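So the structure is just underneath, and the comments pick up after that.
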């Protein structure tokens with residue numbers, strides 16, 4: 001039986017269901033407040049490989065996008081990350097993240113010069129390559145494989161950080177902003193596959209990329225979790 005868009009989307013859901021956001025120890029402790037402050041500090045440093053380097057990911061995806069309508073959508077993401085003018089009152093997301101670090105007692109120089117673990121470096125190399133490879137694989141990695149399950153949970157993380165460590169609204173703005181900026185659009189996967197996955201081979205490629213992306217995210221989280229446990 002030929003692989004269809006519906007079946008592809010269902011398989012993507014199954015891939016993500018095997019590694020549910022709220023069940024992973026790294027994220028679970030951020031949500032329920034069970035991590036120590038040194039552990040959360042180490043998380044902040046290592047997780048910076050994502051928000052502090054987003055120009056290497058979103059920017060490359062914009063460049064390889066062949067469609068003007070989708071290029072505009074991706075440009076909006078790049079613009080928001082770099083300026084914060086859509087959701088963050090004109091504060092770039094890298095600045096929001098540095099403020100998160102400051103709330104935990106980490107200065108900006110240390111945040112920008114983190115000694116990243118192997119999992120973080122592997123994520124950057126993989127994701128940077130995928131986002132600049134070709135649009136189908138790049139958008140599959142970014143929006144179907146790496147799409148955050150954070151909305152709703154990011155708000156819980158913000159509340160926990162305030163209650164547990166005395167952070168203020170400015171310190172947790174990175175998380176509250178992403179509750180809005182990363183809000184899921186349920187039809188985005190279908191829109192992408194209907195337009196850019198024009199053959200069964202394309203759909204198989206999408207599934208391969210999603211599996212690979214979930215795998216590299218798991219490597220990032222597992223290695224970060226080891227670093228956090230050493231810091232406890």
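Residue 81 - would you say it is outside any loop (DSSP other than H, G, I, E, B), free of Cβ contacts under 8 Å to residues at least 60 places away in the same chain and surrounded by 14 or more Cβ atoms within 10 Å (Cβ to Cβ)?
Numbers: outside any loop (DSSP other than H, G, I, E, B): yes; free of Cβ contacts under 8 Å to residues at least 60 places away in the same chain: yes; surrounded by 14 or more Cβ atoms within 10 Å (Cβ to Cβ): yes.
So residue 81 passes the test.
Within segment 1-42, which residues are more than 30 Å from residue 165 (Cα to Cα) and surrounded by 14 or more Cβ atoms within 10 Å (Cβ to Cβ)?
Correct list: 3, 5, 8, 9, 11, 12, 15, 16.
When you go through 20, 60, 45, 99 one by one, which is the residue that is within 22 Å of residue 189 (Cα to Cα) and out of contact with any helix residue (DSSP H, G or I) (no Cβ under 6 Å at 6 or more places or on another chain)?
Exactly one residue qualifies, and that residue is 20.
Would you confirm whether any residue within segment 136-144 is assigned to a helix (DSSP H, G or I), at pLDDT 95 or above and farther than 30 Å from residue 66 by Cβ?
no
Would you mind finding the one in 57, 116, 87, 97 that is part of a loop (DSSP other than H, G, I, E, B), in contact (Cβ under 8 Å) with a residue 12 or more places away in the chain and under 20 Å from residue 217 (Cβ atoms)?
Answer to the check: 116.
The values are calculated or read from the model by the stated rules, or taken from the named source; none is laboratory data. Computed from a prediction, not measured in an experiment: that's the story for all the values here. Reconstructed Cβ throughout: ideal geometry from the backbone, glycine too, with neighbour counts over all protein chains shown.
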